[in-house]
Amino acid sequence: MTSRTIGNVLMNGASTDPLSASVSIFDVGFQRGYGCFEAMRSYEGHVFRLDAHLARLERSADHLRIQLVSRDLLSEWCTEVATGGDGVLRVYVTGGMDASAPGIDNLTAVYLEALPDISTTVRLDLLEAPWHADGRVSELTGAKTLSYGPNLAATIEAKSKGFDDAVLFGSSGTVLEGPTFSIGWVVDGAVCTPGLDSQILASITREATIEAAEEIGLTVSIDRYPIKALLEADEVFLMSTVREVMPVTAVGSVEFLPGPVTVKLHSAFQRLVARDAV
Ligand SMILES: Cc1ncc(COP(=O)(O)O)c(C=O)c1O
């Protein structure tokens, strides 16, 4: 991973060689996955929706009762790191050294990572996620915490079956999201996507895509959908900071063609990105 880093890592604001950037084994971020993170896109040095990402980081930290440094300082660190150019800007906040008082001696690491090789389409395995909140609310619901083990395991399971990734449904049979992306589909020209009441992550890309869809005159339906709705769609696409809006060409054994509405949506999303950078 280190070799993918562009420039130095800011560790609590101090510029640090990526090879020496490390976290203590006594930090609860490492020991318990107690901490939070963000992944943003830097487009030629401009961070897309920086404020929205930092607001989500603050909400995550609030859930965890971790005291963050100020929004201004975080913003300054992100802007400094983004000058490295195009890439994924990562912010990690650990819980710190005292499990009973999270946020003490904790670490905020900010760095830019080279974009991964991104294919143009993706095939998804349809997996049940009994661990997902799926509408239920608990202390950490909605927080983007460091505990991404179940998400990663779902991706690994899907890959072991020859897919590129997974799309998750809850025990209630409701379509949720991917392990690291939101999901949407098209029915008779209208865009459908699961609602935040399923306690999926409040994805910044999903929000921007809804805006983009409405700008180009598409109807957007946000609801709790059964699996059947996804499988019977005309087009399926995923949304994420890293992959933007990308056509899905299979969900389990059901194949989809990359469709015209997804192409239009991606262009409209890219226009939003360009406008944001001005
Ligand atoms: C579970 C989950 N859903 C959706 C997303 C997409 O969120 P965003 O558009 O903010 O990248 C992510 C991103 O990491 C995620 O982890």
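The values are calculated or read from the model by the stated rules, or taken from the named source; none is laboratory data. These numbers were taken from a predicted model, which means no experiment stands behind them. Here the Cβ is made from the backbone with ideal geometry for all residues, glycine too, and neighbour counts use every protein chain on show.
Leu10 meets the conditions (1) hydrophobic (A, V, I, L, M, F, W, C); (2) farther than 12 Å from Thr108 by Cα; (3) surrounded by 17 or more Cβ atoms within 10 Å (Cβ to Cβ) in every case but one. The failed one is (2). For region 152-170, a residue qualifies if it is more than 11 Å from the ligand (Cβ to nearest atom), in a helix (DSSP H, G or I) and among the small types (Gly, Ala, Ser), and the qualifying residues are Ala153, Ala158, Ser160. Just to check your reading of the model, which residue among Gly149, Gly189 is over 19 Å from Ser203 (Cβ atoms), in the same structural domain as Lys264 (by TED's automatic domain parsing) and more than 15 Å from the ligand (Cβ to nearest atom)? That would be Gly189, the only listed residue that is over 19 Å from Ser203 (Cβ atoms), in the same structural domain as Lys264 (by TED's automatic domain parsing) and more than 15 Å from the ligand (Cβ to nearest atom). Residues that are under 24 Å from Leu152 (Cβ atoms) and more than 8 Å from the ligand (Cβ to nearest atom) within region 171-186 comprise Ser171, Ser172, Gly173, Thr174, Val175, Leu176, Ile183, Gly184, listed in sequence order. One residue alone among Leu272, Leu238 is within 15 Å of the ligand (Cβ to nearest atom), touching an Asp or Glu at 6+ places or on another chain (Cβ under 9 Å) and either within 18 Å of Val122 (Cβ to Cβ) or not assigned by TED's automatic domain parsing to the domain that holds Arg136 (or both), and that residue is Leu238. Of the residues making up region 204-227, just one is crowded, with 22+ Cβ neighbours inside 10 Å and without any contact (Cβ under 8 Å) to a residue 40 or more places away in the chain, namely Arg206. Quickly run through region 1-42 and pick out the residues that are assigned to a loop (DSSP other than H, G, I, E, B) and of a type in the set (Val, Ile, Thr). Residues satisfying the conditions are Val23, Ile25.
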